[in-house]
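Undergrad: Quick one: this structure, given as structure tokens, is what I'll be asking you about.
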Amino acid sequence: MVGTRGVPARYGGFETAIEEIGQRLCARGHQVTVYCRDTGAGPRPDSTYLGMDLVFLPAMHKRSLETLSHTGLSVMHLMAHRPDAAIVFNAANAPYLPLIRAAGVPVATHVDGLEWKRAKWGGSGKRYYRRAEAMAVRWSDALIADAVGIQTYYRERFDADTYYLPYGAPILAGTKSDKLAELGLKPRGYHLVVARFEPENHVHMVVDGYVRSKAKEPLIVVGSAPYSDAYTRQVHSLADDRVRFVGGVWDQDLLDQLYANSLVYWHGHSVGGTNPSLLRAIGSGAATNAFDVDFNREVLSTAGRYFADPAGVAALAEEAESGLPGLRERGVLGQRLARRFDWDLVTDGYEGLCADLVAATAPAPRRARRVQRGTQQTTVGAE
């Protein structure tokens, strides 16, 4: 598994997926190698984690080069050791796909979301991501999409087949609340945001809208981001004394308790496909308000309330504190919907994909166009 920060999962969706899928594949008797970024700080990392073999390699600490530099070194190592199959995460790494295939290693690319829509990339970065998507379609033996909306995009833009392999949702039952005291909080006594500070995650919109509201319960904002100082300053400038920024929370028990005991969880992500923080929220039974895009409606359906601007946030914040019935019911429905996203079933899909790659039976992304079929393309995967 190549192209991420690696495990333990302490950053985002890719890392969470690798940790959950990798440990399950190991439990089923497979050997799994994960390429991880060596930050050079702290004690030397362990070489194994939850059964997975870890390879730590350095990266250039510059936003535009960090991923590509680390993946380049990882691919060199991979070519020397030649696994049975490789999964590359992030379409940005597509230029390395020909090297992997030249080594005789079949490879699938997890294309992630619509990266070229992220505000952190300038014009050249956006153009690169658009080209990288095309390269992933051309040079991958298979493509992975974690959301139906991503499948639709690749089908319409590239006439390309994908494996639908979403993330899993941990189902939290009987979650405690004892750790909330560490932050001076009480169950159902706060609003919650958990997100990296990036414009397309709309933390600024949630904070702005909340401040415009008459809400009395505090808004707890969990998260930060490297390379985003200007945006972080913007978000902080919009806050008043009802908003509390607590930074990253690495204690998973505390984070689970924050989700499960929130009055309402606010999800502003807009371009990343199915998002693990949204799945964790509904798996905890949290009533959820989300930015109005197809990816979020795909997960939440009628369990969610949706916003598109600060005024919408303000109205929903006041509604949440109005005492009107429905929040608990929405949380229960969301948790029921979360059961569709099961890590064991997701692992079945990855296991089947790797078997297809080794057997050379995976449907190539551009199969439909190459053989000029007149029928509608088939989407394959685990649902």
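Undergrad: Could you grab me the full set of residues in the range 319-341 that are surrounded by 16 or more Cβ atoms within 10 Å (Cβ to Cβ) and of a type outside the set (A, V, I, L, M, F, W, C)?
TA: Hits for the range 319-341 are GLU319, GLU321, ARG330, GLY331, GLY334, GLN335.
Undergrad: Which residue is least open to solvent (accessible area, probe 1.4 Å), if the candidates are limited to the range 226-244 and must be out of contact with any helix residue (DSSP H, G or I) (no Cβ under 7 Å at 6 or more places or on another chain) and either within 21 Å of SER277 (Cβ to Cβ) or of a type outside the set (D, E, K, R) (or both)?
TA: SER228
Undergrad: Filter the range 292-303 for residues that are surrounded by fewer than 24 Cβ atoms within 10 Å (Cβ to Cβ) and not acidic (Asp, Glu); which is farthest from SER262 (Cα to Cα)?
TA: Ranking the qualifying residues of the range 292-303, first place goes to VAL293.
Undergrad: Does the range 98-105 include one or more residues that are closer than 14 Å to MET1 by Cβ and of a type in the set (Gly, Ala, Ser)?
TA: No, there is no match, as no residue in the range 98-105 is closer than 14 Å to MET1 by Cβ and of a type in the set (Gly, Ala, Ser).
Undergrad: While we're on this one: Only one residue in ALA119, ALA132 is modelled with pLDDT of 90 or more and over 23 Å from ARG340 (Cβ atoms). Which one?
TA: Within the list ALA119, ALA132, the selection yields ALA132.
Undergrad: Within the range 148-157, identify whether any single residue is part of a loop (DSSP other than H, G, I, E, B) and either open to solvent by 10 Å² or more (accessible area, probe 1.4 Å) or touching a strand residue (DSSP E or B) at 6+ places or on another chain (Cβ under 6 Å) (or both), and answer yes or no.
TA: Looking for residues that are part of a loop (DSSP other than H, G, I, E, B) and either open to solvent by 10 Å² or more (accessible area, probe 1.4 Å) or touching a strand residue (DSSP E or B) at 6+ places or on another chain (Cβ under 6 Å) (or both), one finds none in the range 148-157, hence no.
The values are calculated or read from the model by the stated rules, or taken from the named source; none is laboratory data. Keep in mind it's a predicted model, so treat the numbers as computed, not measured. No Cβ is skipped: glycine too gets one built from the backbone with ideal geometry, and neighbour counts run over all protein chains shown. Surface areas here come from the heavy atoms of the whole protein model, side chains and all, with no ligands, DNA or RNA. Shrake-Rupley method; radii C 1.70, N 1.55, O 1.52, S 1.80 Å.
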